[in-house]
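See below for the structure under consideration.
The values are calculated or read from the model by the stated rules, or taken from the named source; none is laboratory data. Since this is a predicted model, take the numbers as computed values, not measurements. Don't worry about glycine lacking a Cβ; one is built from the backbone with ideal geometry, like all the others, and counts go over all protein chains shown. What goes into the accessible areas is simple: the full protein's heavy atoms, side chains included, and nothing from ligands, DNA or RNA. Shrake-Rupley method; radii C 1.70, N 1.55, O 1.52, S 1.80 Å.
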Amino acid sequence: MAEQKKGTLSLSCPPGLRKSGPFDGKVRQSFSHGKTKVVAVVEIKKKRLSGSRSFGVKSSASAARIEGKGGLTDIEMETRLKVVKDAIKESKGWEEVRQAKEQERRVLARLQEQKEATETIQEELVPEEPTVDVPSRQVHAPHGKQQFFHSKTVDAEKEDYQSTASSKKIPVVKKGIKELRKHYSQGSGKISIYNALNGEDETRSRSLASLKRAKQKSKSVPGSQEENRVVKEVILPEVISVQDLSSRMAVRTGDVVKTLMRLGVMATANQIIDADTAELIVMEFGHKARRVSDSDIEIGLRREDDEGALLRRPPVVTIMGHVDHGKTSLIDALRNTDVAQSEAGGITQGIGAYQVSTNDGRKITFIDTPGHAAFTEMRSRGANVTDIVVLVVAADDGVKDQTVEAINHAKAASAPMILAINKIDKHGANPNNVRKSLLNHEVVVESYGGDIMDVEISAKTGKNLQKLEEMILLQAEMLDLRANPDREAEGIVIESKVEKGLGPVATILINKGTLHVGDIFVSGTVFGKVRVISNHRGEIIDELTPGTPGEIVGFNGSTIPGDDFVVVENETRAREVAGYRDRKKREQAWVISSHPSSAEQMFSQIQEEQRQRCLAVIVKAGVQGSSEAICTSLQRLSTSEVTVKIIHSGIGEITENDVSLARASQAMILGFNVRANMQARDQITRDRIQVKYYSIIYDLLDDVKSVLSGLLTPDIKENIFGSAEVRKIFDIPKFGRIAGCMVLDGLVRRGAKARLIRDGVVVHTGEIKSLRRSKDDVKEVKYGFECGISLENYNDIHPGDTIECFEQEAVARQL
């Protein structure tokens, strides 16, 4: 076995015979399975002749064998060669016959398989191949020739083969198996059924595997199987990837890519295509397309209520007016509390929501807004969520800037107003002057023939507060405020902040429905699950009804005041809505901060930024409204020369991340009603970061304004402190030209800046190089004395010229 694996070396003639021609140095190596290989002979060992060679004597027989080729005589060689040639000829003929019969059997088997496969495929897809009904028969060979042959004479077998070949048009084997294969496979490479049976048509037929592949492929080709195709409704968003589109149509991605290529679109599986192109692809595959937009995710988020389910709700009243006109004191008097005394600086710097119960048990929800000019956005939000606006004006101060702004907000929100003239108990109060001043702003009270109700009150003494409540309830009845409490809650975020241990907390106002603990909600770009509900007194409650404010814990991030608050059915819907809103917000931010469209604009922007001096700040505030107001006010301080760059703004305590960001951006940290934690304080000391804490917005803005003023280029102020008239010129070789002068005004100082004026025109500006009096160098010469003056690098001085001395002073500028 080992020798058979390695192979044996033999000559090309049958075993036992040697070549009669000259030896060319090569032999044929035979392997198993009929494989051979011609190799070069490295060394040939000849057999040593016995007998006479040993003794140096040669016999006649040995000589005859030696003279013959291969060690045989000529007669023996010819006899053996004749026998071998006859055996080869006979075995070759039988081998050709056997191969022809085997080929015929294969042809018949393939014909039967193709016939069965053709019946299952449409005629238009797979054309029929010509078939010939050839009965199967067996060929028998004589005993002893082949294992699979039976006893039969060679002549009879040849006659059967020739008759079969002539009747079935099978070529008779005359030239050998190589010629037969060449005859069958001209230009095709394989023997087809039609060629094998007829020997005429040389076209190549399809195999069974090819037919199966075509059948499977026809399922995904557009329009190939109209009767078996299932028409689907494919939902198409604004943009979709090729792979996602193929999965929605339940087809292969490669087929979609090929269809796109036919349409002239070169795309890959991960390529993003628009809805128009996707719709064409869907139509090509015979499906129906339904276009949807990303904004459709919000469809059904809000719903209208039936009129029969609406019940009365408390009115929402916003207190607005100028700073320090008594808005918070009015709410304190209604609630019997003292919030105003606890506020820093005695002013409101954040929006608050409270609820008051009247003597008859009815409730009123009040929203207190700050009056400072920086809190414009807060006042705008308060006017948008309110039902009634109470405009508070101090009787001793009259109409101010924020009073006019509050009137404009109320008109923009189309909210009815009630005028409350406060501080009537103070000396110098003039309510009629207030009413007359409001006429300039189209606010006409009822006493002047208008439709605005007014009342004179005193938050300090409590005068006419009950009358104010009655006016509010009367106005609410006229508005007929109703809501459905038996549905999912909807509301609006009034204020948000971050509390240690609780995370993001928001003050919300419910407009519709009832909010329960455990409800899943979405608010702006964040979502969450209600964990804790507390009312305006800080008490833990289980639900919030329409028109009631409260604080909610359970947000996954900080929400923005003014965002909506909607309860949804599950967390999946909340994630989808919040994700869509977040994408839209980032896209809008990208559009707003888009890059310049041309190189010229880019370079001009860079030059402008280089000209401006920038103050980088990081703002951290206690609530989101304050942070927003501070950022807006700081941006308004920017000018063409200096600007405020807000690196980051947020709510909550100052952390290590804020300090690291300030160090990297070389910014100062402004903390408004917040402090740094322990780790941040250590890092602030170590990195020497400038941090300032404030509790009053006035102080913060004043400090930033002073810092910006220091960045401004100072103004140069010029002071003339003396002048001298040139009387005579002296040319001294060692010192140059010296002007003999008389000091006419002030004094002349050595090294001071000087102008040379001739006939009222400045001809030179420089410095006084030397100053002499009576041959002595002096520092200065006062009025009424003569002196000699030499100018630096200038000698063109004439009698009658005037030398004017001056100095420049830098004066700091203010914003």
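Apart from one condition, S593 fits all of (1) open to solvent by 30 Å² or more (accessible area, probe 1.4 Å); (2) at pLDDT 85 or above; the exception is (2). What residue, among those in segment 448-459 that are open to solvent by 50 Å² or more (accessible area, probe 1.4 Å) and touching a helix residue (DSSP H, G or I) at 6+ places or on another chain (Cβ under 7 Å), is modelled with the lowest pLDDT? Within segment 448-459, the match that is modelled with the lowest pLDDT is Y448.
With respect to the conditions (1) assigned to a loop (DSSP other than H, G, I, E, B); (2) within 30 Å of G557 (Cβ to Cβ), T461 lacks only one, and its number is (2). Among the candidates S437, S414, the residue that is surrounded by fewer than 19 Cβ atoms within 10 Å (Cβ to Cβ), closer than 23 Å to A476 by Cα and either at pLDDT 85 or above or under 55 Å from the mean Cα position of the chain (by Cα) (or both) is uniquely S414. Going by the structure shown, is E477 without any contact (Cβ under 8 Å) to a residue 12 or more places away in the chain and under 23 Å from D360 (Cβ atoms)? So E477 fits the description; yes. Against the condition outside any loop (DSSP other than H, G, I, E, B), in contact with a Gly (Cβ under 9 Å, 6 or more places away or on another chain) and either farther than 29 Å from A629 by Cβ or open to solvent by 10 Å² or more (accessible area, probe 1.4 Å) (or both), how does P485 come out, does it pass? So P485 fails the test.
Among V265, V256, V242, which is at pLDDT below 90, of a type in the set (A, V, I, L, M, F, W, C) and under 23 Å from R290 (Cβ atoms)? Explain how you work it out, then say what you get.
Values: V256 fails: at pLDDT below 90; V242 fails: at pLDDT below 90.
Answer to the check: V265.
Please state which one of I651, I630, I618, I646 is touching a Gly at 6+ places or on another chain (Cβ under 8 Å), modelled with pLDDT of 85 or more and of a type in the set (A, V, I, L, M, F, W, C). That would be I651, the only listed residue that is touching a Gly at 6+ places or on another chain (Cβ under 8 Å), modelled with pLDDT of 85 or more and of a type in the set (A, V, I, L, M, F, W, C). In segment 444-473, the residues that are closer than 20 Å to A429 by Cβ and touching a residue at least 12 places away in the same chain (Cβ under 8 Å) reach residues that are part of a helix (DSSP H, G or I) and open to solvent by 90 Å² or more (accessible area, probe 1.4 Å) with C-beta atoms within less than 7 angstrom, at least six apart or across chains, in these pairs: I452/E446; M453/E446; D454/E446; V455/K467.
Criterion applied to N422, N430 was being over 15 Å from E469 (Cα atoms), over 50 Å from the mean Cα position of the chain (by Cα) and modelled with pLDDT of 85 or more, and the one residue passing it is N430. Taken over segment 540-550, the criterion of being in contact with a His (Cβ under 8 Å, 6 or more places away or on another chain) and assigned to a strand (DSSP E or B) is satisfied by E543, P549, G550.
Out of curiosity, is H409 in a loop (DSSP other than H, G, I, E, B) and within 51 Å of the chain's Cα centre (by Cα)? Against the criterion (in a loop (DSSP other than H, G, I, E, B) and within 51 Å of the chain's Cα centre (by Cα)), H409 does not qualify.
Selection of segment 249-270 for residues being over 10 Å from E284 (Cβ atoms) and part of a loop (DSSP other than H, G, I, E, B) yields A250, V251, R252, G264, V265, M266, A267, T268, A269, N270. Only one of the listed residues (R573, R537) is among the charged types (D, E, K, R), assigned to a loop (DSSP other than H, G, I, E, B) and out of contact with any strand residue (DSSP E or B) (no Cβ under 6 Å at 6 or more places or on another chain). That residue is R537.
Which residues, counting only those in segment 286-341, are open to solvent by less than 50 Å² (accessible area, probe 1.4 Å), hydrophobic (A, V, I, L, M, F, W, C) and in a loop (DSSP other than H, G, I, E, B)? Result: V292, L301, L310, V323, V339. Within segment 708-724, the set of residues being part of a helix (DSSP H, G or I) and buried (at least 18 other Cβ atoms within 10 Å of the Cβ) comprises just one member, L708.
Name the residue that is modelled with the lowest pLDDT, counting only residues in segment 678-702 that are surrounded by 17 or more Cβ atoms within 10 Å (Cβ to Cβ) and part of a loop (DSSP other than H, G, I, E, B). Write out each step before concluding.
First pass over segment 678-702, keeping only residues surrounded by 17 or more Cβ atoms within 10 Å (Cβ to Cβ): 680, 683-684, 689, 691, 694, 696-697, 700-701.
Still in the list and also part of a loop (DSSP other than H, G, I, E, B): 689, 696.
Working: I689: 89, I696: 84.
The extreme case among them is I696.
The residues of segment 657-677 that are over 21 Å from L634 (Cα atoms) and either open to solvent by less than 10 Å² (accessible area, probe 1.4 Å) or in contact with an Asp or Glu (Cβ under 7 Å, 6 or more places away or on another chain) (or both), listed by number, are A676, N677. With respect to the conditions (1) within 38 Å of the chain's Cα centre (by Cα); (2) open to solvent by 20 Å² or more (accessible area, probe 1.4 Å), E543 falls short on a single one, namely (1).
Residues in segment 641-666 that are within 27 Å of P504 (Cα to Cα) and assigned to a strand (DSSP E or B): K645, I646, I647, H648, S649, G650, I651, I654. Determine if segment 261-274 includes at least one residue that is open to solvent by less than 40 Å² (accessible area, probe 1.4 Å) and of a type outside the set (A, V, I, L, M, F, W, C). No, there is no match, as no residue in segment 261-274 is open to solvent by less than 40 Å² (accessible area, probe 1.4 Å) and of a type outside the set (A, V, I, L, M, F, W, C).
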